Amino acid sequence: MRLNYGTLLIFFCMGCMFVIWQSSYRDYGGRQVDYSGLFERLLQAEKRAGELTVQLGQVVKHLHNVTNTVTNITTSSSKTEGETIREGGNASSSRVGQPSALFYLPHLREHEDSLVANVHLGKGRSGVSLVLGIPTVRRQKQSYMVNTVASLLYDLSASQKDDMVIVIFVAESDPAFVGSVTEDIQKNFPEDVRSGLLEVISPSASFYPDFSKLKSTFGDSPDRVKWRTKQNLDFSFLMMYCQPKGTFYVQLEDDIVAKVGYTDAMKKFANGLSSEDWLYLEFSQLGFIGKLFRSSDLPMIVEFFLMFHKDKPIDWLLDHILWVKVCNPERDAKHCSGEKNRMKRRHKPSLFQHVGLHSSLSGKIQKLKDKDFGKQPLFTPHENPPAEVVSSLKHYQGHSLQRAYQGLDFFWGLTPTTGDYMLIRFQKPHTVQRYLFRSGNIETNGDRFYNTTVEVEPKDKSVVDRVQKGELPQYQTSTDGFIVVGSFVNGVAEGTVDTAVQEVTAMRLVVHTDSDVWVLLSEMSIKV
């Protein structure tokens, strides 16, 4: 029960004055009562009561500050421990919990590190607009994680990357599996890990309770009850970790693709509703994919999830939060539905599409597709100068280099090996102002060019001599009268050609190492 300290003080002072009055009023041996002394003692008591009021007020304020400090324990409390890129296989740690979690998960009290996240990759980035949370688990059939991350990073600019962080939560306690996911992310996205854009975390081994003691509800099998209960805990852990990192938190899954331009679209939609009352925004109509929350609302949401984590699936619990907040039991269901819709706003078209076939629940097949997602542009057409194009790479089905150069399709070729090339020979010489070659697309972003150079053939052969003499130090000579003017970085080759090169008769891409994957060119642009 919350005590009213002011009321207690009043009763305390009244009692003191009553005792003083009694002792002064009594007539001991016929002596007369000393009223002046009584008055003096009353003044002293009043003064002392004022001093006690100030002191108690300071104590209450101190207790309030201590309570707030404990309640707001998050990752920021342990950033000094170094949320850095993993070195030598060691992970740093970061506390993510709230004291309330101990009430709903009492087994956590037995382990001091139960609410500490193992940070395998990360730089502790915070203060961003968007925090994307992606939980992932071991799948029996196929992992979609790398393709999902590649899709999210596909068309991001440097400024967009600087204003977000993507947290991958490996919701498993098996060190070998956690290590394999960490290695895949580090291998495929080294620059984004190094910059702090990507983080990989996992829970402590003691975080999960004994799932064998769960009660079956709604006719679900024990396996399904365990799966949905664990999912509730996984989402809660991830939300608690991400809460202090940014303005908005977006819940995603590990088997999705993103629409081009999704980051700006989400921020524009959210900022346009900043003065309105809502609990979350929906950027996909499927399950929990693409739900955006204000980070300031996450503590309340997480506490609700934890309170009922053993009872219902997480999407049901989210709907129940809306019911509790806005539905009037004395009104009908139609009124309740309208009030709930006001608290969740839907963005069209959808910005995320579900692509996974095999669910994280063993044996479950999911053929869910968001009809509002629409078709993804798999290539960007450009008008290029007339040329004859040939390649040593064999194309797949109808995705030929000729069609890609004409802006009709993307090029998709079988696995490149050292020495493979794509040659563009112009019908007449041109002064090339700018070029752009983008490999991979939003759905197949892993099929990129690696260790591949962009080369041109100058019409004036003296240009090659000048490069050999070091007069054009930004370029290097190649073979067959070509000079190297650029290379692919993160799947993209883009640049200008110095006017000193003058007119060129041809351009080519040359592969210098064997690849493990096919290659796809989604954009070819040559400005003359």
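I need the shape label for the stretch 223-382. Rule: rounded when a/c is under 1.5, else prolate if a/b > b/c, else oblate, with a, b, c from the alpha carbon gyration tensor.
Note, shape of the stretch 223-382 comes out oblate.
Would you kindly state how much longer the chain becomes between Ser295 and Ser206 on full extension, computed as 0.36 nm times their sequence separation minus their alpha carbon distance, in nm to one decimal?
29.4 nm
Which percent of the accessible area of the stretch 187-302 is formed by carbon and sulfur heavy atoms (probe 1.4 angstrom)?
50
Listed highest first by mean packing, meaning other Cβ atoms within 10 Å per residue, what order do 227-240, 390-403, 161-174 come in?
Put in order of decreasing packing, that is 227-240, 161-174, 390-403.
If you add up the charges near Asn188, with Lys and Arg at +1 and Asp and Glu at -1, over every other residue whose beta carbon is less than 12 angstrom from its beta carbon, what do you get?
Summing Lys/Arg as +1 and Asp/Glu as -1 gives -3.
Say each of Asp372 and Val528 gets a label point 7 Å from the Cα, pointing the same way as Cα to Cβ; how far apart are those two points in nm?
4.7
Between their Cα atoms, which of Lys325/Lys375; Lys213/Lys245; Lys267/Lys310; Lys230/Lys344; Lys123/Lys267 are more than 29 Å away from each other?
Lys325/Lys375; Lys213/Lys245; Lys267/Lys310
Give, as a single signed number, the net charge of other residues whose beta carbon lies under 15 Å from the beta carbon of Asn490, with Lys and Arg counted +1 and Asp and Glu -1.
Net of charged neighbours comes to -1.
Can you check what the net charge comes to around Arg331, using other residues whose Cβ is under 13 Å from the Cβ of Arg331 (Lys, Arg +1; Asp, Glu -1)?
-1
Compare the peptides 502-511, 476-485 by average per-residue count of other Cβ atoms within 10 angstrom and give them in order, highest first.
Ranked from most to least packed, the peptides come out as 502-511, 476-485.
Ranked from highest to lowest mean number of other Cβ atoms within 10 Å per residue, what is the order of the peptides 490-501, 215-226?
Going from most to least packed, we get 490-501, 215-226.
The values are calculated or read from the model by the stated rules, or taken from the named source; none is laboratory data. Everything quoted here is computed from the prediction, not taken from an experiment. Cβ coordinates were reconstructed from backbone atoms using ideal geometry, including for glycine residues, and neighbour counts include every protein chain displayed. Side chains are part of the model used for accessible areas, which takes the heavy atoms of the whole protein and leaves out ligands, DNA and RNA. Shrake-Rupley method; radii C 1.70, N 1.55, O 1.52, S 1.80 Å.
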